[in-house]
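Q: Here it is: the structure, laid out below.
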Amino acid sequence: MGAIIVLRIVHIGFGVFWAGGVMFMNFLIGPSIGAAGPEGFRVMQELNKRRYFHIILGAAALTIISGLDLVRRDSSNFTPGWFHSPTGIGISTGMVAAIIAFLIGVLAINPAMKRLSALGAEMMHATPDARGALSTQVDAARARLIAFGMVGTIFVVIAVLAMATARYL
């Protein structure tokens, strides 16, 4: 019983941190960085120094790992029948959405963030003539990051809603 409590605290605590961090970044910080123009790159550099994006991915990984163990325990070692129950379907939906969100973060958002950060560093030291050419690349990288960020956010929200309601289905 004690292990389940610890797993639930880890799962819910890190899940709240992950979901909140993703939504805070995509709805408030990201648009503010974009609106700040070239100065926004300094904020990105500070977030990178503080390893914000790695911390969010770490929280996501802990959420998923603890969630998988909770599912294992609830489903009696992944018994297929459990997954056909209303609760099992709800939990499974949230589990799949969380894994997809995590994969989007690792495979799409993280590389897009690195690319935009590298371009930002170039932009801060570029001559006025070179900034024009870099500006097009920055805009494309930012658009890609925003698109992936929104898709990832949608999957995080689906995961939260599915997990929050699964026991009541």
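The values are calculated or read from the model by the stated rules, or taken from the named source; none is laboratory data. Since this is a predicted model, take the numbers as computed values, not measurements. Heads up, the Cβs are rebuilt from the backbone with ideal geometry, glycines too, and the neighbour counts pull from every protein chain shown. For the accessible areas, the whole protein counts, side chains as well, though only heavy atoms, and no ligand, DNA or RNA atoms are used. Shrake-Rupley method; radii C 1.70, N 1.55, O 1.52, S 1.80 Å.
Q: With P128, P111 as the choices, which residue is closer than 18 Å to M25 by Cβ and open to solvent by 40 Å² or more (accessible area, probe 1.4 Å)?
A: Step by step, each of P128, P111 is checked, and only P111 is closer than 18 Å to M25 by Cβ and open to solvent by 40 Å² or more (accessible area, probe 1.4 Å).
Q: For segment 47-57, state whether one or more residues are more than 18 Å from the chain's Cα centre (by Cα), surrounded by 13 or more Cβ atoms within 10 Å (Cβ to Cβ) and on the phi < 0 side of the Ramachandran plot.
A: The answer is no; no qualifying residue exists.
Q: So which residues in segment 71-107 are of a type in the set (G, A, S) and either out of contact with any Lys or Arg (no Cβ under 8 Å at 6 or more places or on another chain) or open to solvent by 40 Å² or more (accessible area, probe 1.4 Å) (or both), if there are any at all?
A: S75, S76, G81, S85, G88, S92, G94, A97, A98, A101, G105
Q: Moving on to the next point. Could you grab me the full set of residues in segment 72-97 that are among the hydroxyl-bearing types (S, T, Y), without any contact (Cβ under 8 Å) to a residue 24 or more places away in the chain and closer than 16 Å to H11 by Cβ?
A: Scanning segment 72-97 gives S75, S92.
Q: Of the numbered conditions (1) touching a residue at least 24 places away in the same chain (Cβ under 8 Å); (2) open to solvent by 20 Å² or more (accessible area, probe 1.4 Å), E122 fails exactly one; give the number of that condition.
A: Against the list (1) touching a residue at least 24 places away in the same chain (Cβ under 8 Å); (2) open to solvent by 20 Å² or more (accessible area, probe 1.4 Å), E122 comes up short only on (1).
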